[in-house]
Amino acid sequence: DRGFESEPLKATLATDAVIGAMASPHTPGSGYVLLHHVMGELEGQRGAWGYVAGGMGALSQAIAHAAVAQGAHIFAEKAVCHVLLGRDGRAQGVVLQDGTEVKSKLVLSNASPQITFLELTPQEQLPKDFVQRIQQVDTRPPPPRRSLHQHSSVPRGRGRTAMAGGAGGGGLGWLHPPLPAQLASCSPRPMIELCIPSALDPGLAPQGCHVVSLFTQYTPSVLAGGRPWDEEARNAYADTVFDCIEAYAPGFKASVIGRDILTPPDLERIFGLPGGNIFHGGMSLDQLYFARPAPSYSGYRSPVPNLYLCGSGAHPGGGVMGAAGRNAARVALEDFRHL
């Protein structure tokens, strides 16, 4: 408010300062979250973001194809049971749930620190203070996601705060109503980030339709009174979100022909995100830099020799940028040369 007059601009900046965090724009340190979302560049344009042609899965496929071209073997749909340790306590590979042992001189995990160290690694091989630190990582989950198929009409906003940005006549937009919330309840007027990737990539939806992706805050893992996220609860929250959008883009609800709702428990179950947190842990200042995932272990090496952390729970944190993986690979290669 002190620096800007434009409501859409203020809303956009405030949103990027709290995305994926159980914090408000007034929370000290939330400015770093804003910095995290605008650092770096895309094709020479600083602070820019991009959409992956074919959807985010196409990015995973591109990485997989590059790895296979260099001789990697990929085992899809093969859950890891635990990290395989030798008598000397060093990581020697992983054991799959079907009992198959995959031997390796180094093991890099891009699973969350909680899964890597609390579920996949024998606890007796880890320092107690390290385990306690991992258990204390703040993973409170703000964001349910929902995708929906929409008819050919693209939502168009009205009012100064309705749509910030835009492409192809409203193809992309951000909707930012007020966002009060308590830890055990959902925001009655959620913060909503709405985008229509099919406006740029028509192949994502059937001809004549669009896919709308909504990222909303704030929601807890467990609702007030211990109530679970059952179908009634998830649909009630989705209706609240749709009602907010309808107020800014009349006709939106009538254009929806299907929706898919992912709550924090869904994000944890499907993608292994602890508490549904998309960053594997809050991006607050006490969980960044030398403290991510724990003090003295921010350099990608873990208490278990030859076991490395390379996902969003490692420095510099979450986001589709690959920095944690690239840095971890460099450290692992350095150690590999001395084996």
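Miscellaneous remarks
- Relative to the dominant Cα principal axis of the chain, helix 56-69 is inclined by about 30°.
- Part-to-part distance (alpha-carbon centres) for the range 80-115 and the range 271-327, which is given in Å: 18 Å
- Largest mean-square fluctuation among Glu101, Glu231, Glu43, in a Gaussian network model of the chain whose springs join Cα atoms under 10 Å apart, belongs to Glu43.
- For the range 7-46, with all protein chains in place and a probe radius of 1.4 Å, 58% of the accessible heavy-atom surface sits on carbon or sulfur.
- Probe 1.4 Å, all protein chains present, accessible-area order of Trp229, Trp49, largest first: Trp49, Trp229
- Considering only Cα atoms, the convex hull volume of the range 28-91 works out to 228 Å³ per residue.
- Applying 1/(1 + (r/R0)^6) with R0 = 45 Å to the Cβ-Cβ distance of Ala247 and Leu200 gives a FRET efficiency near 0.95.
- Report note on the peptides 124-132, 273-281, 193-201, 1-9: ranked by the mean count of other C-beta atoms within 10 Å, highest first, their order is 273-281, 193-201, 124-132, 1-9.
- Listed residues Thr116, Thr27, Thr263, most fluctuating in the chain (Gaussian network, C-alpha, under 10 Å): Thr27
- Residue-averaged 222 nm ellipticity for the chain, from DSSP H runs of 4+ at -39500 (n - 2.57), nearest 500: -7500 deg cm²/dmol
- Per-selection metrics, the range 195-262 (Cα): Rg and Dmax in Å: 14.1, 44
- A 1.4 Å probe run over the chain, with the rest of the protein chains in place, finds 53 Å² accessible per residue.
- Ordering of 213-221, 237-245 by burial proxy (mean other Cβ atoms within 10 Å per residue, highest first): 213-221, 237-245
- Principal semi-axes in Å for the range 7-46 [√(5λ), Cα gyration tensor, largest first]: 20, 12, 7
- The range 42-141: C-alpha gyration tensor shape, a/c 1.5 cut-off, then a/b vs b/c: oblate
- Rounded to 10°, Cα long-axis angle of helix 323-336 versus longest principal axis of the chain: 10 degrees
The values are calculated or read from the model by the stated rules, or taken from the named source; none is laboratory data. In this text the structure is predicted, and so the values were computed from the model without any measurement. Glycine gets a Cβ as well: all are built from the backbone with ideal geometry, and neighbour counts include every protein chain shown. Surface accessibility is based on the protein's heavy atoms, side chains included, excluding ligands, DNA and RNA. Shrake-Rupley method; radii C 1.70, N 1.55, O 1.52, S 1.80 Å.
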